[in-house]
Amino acid sequence: MSSMRHLLHKDTADTPVGGIDMVTIRGACANVLSLSLEELEENVPLASYGLDSLTSVRLSGLLKQSFDISVTQLQLLSSFMTGE
């Protein structure tokens, strides 16, 4: 069930989970996946945390809006990790 937490609570989807600092890319990833920063390892692909096509759209938009970074869904769903 924990790998699907990002699919729940759509009304609070843009609210940081557990006080996560959204000023970092890692924090944005953790927020979209409904994880704490401690749960998100930099050497693990985001898809391993439950990132799917829908959440990759949200994350891509958030990265563009907050950090002016263009990342495609395919890049997010590939084996790239948050540390890369």
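Rule-based calculations on the coordinates, nothing more; no lab input. Remember, it's a predicted structure, so these values are computed and weren't measured experimentally. Cβ atoms come from the backbone with ideal geometry, glycine included; neighbour counts cover every protein chain shown.
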Next on the checklist: I want the local charge near L76. Using Cβ-Cβ distances under 11 Å, sum +1 for each Lys or Arg and -1 for each Asp or Glu among the other residues.
Outcome noted: 0
Item to check | Whole-Hz ³J(HN,Hα) from phi, Karplus 6.51 cos²θ - 1.76 cosθ + 1.60, for region 28-38, glycine and proline x | outcome: 5, 4, 4, 5, 5, 8, 6, 10, 7, 4, 5
Item to check | Length gained when the stretch Q65-S78 is fully extended (0.36 nm per residue, less Cα-Cα span) | outcome: 2.5 nm
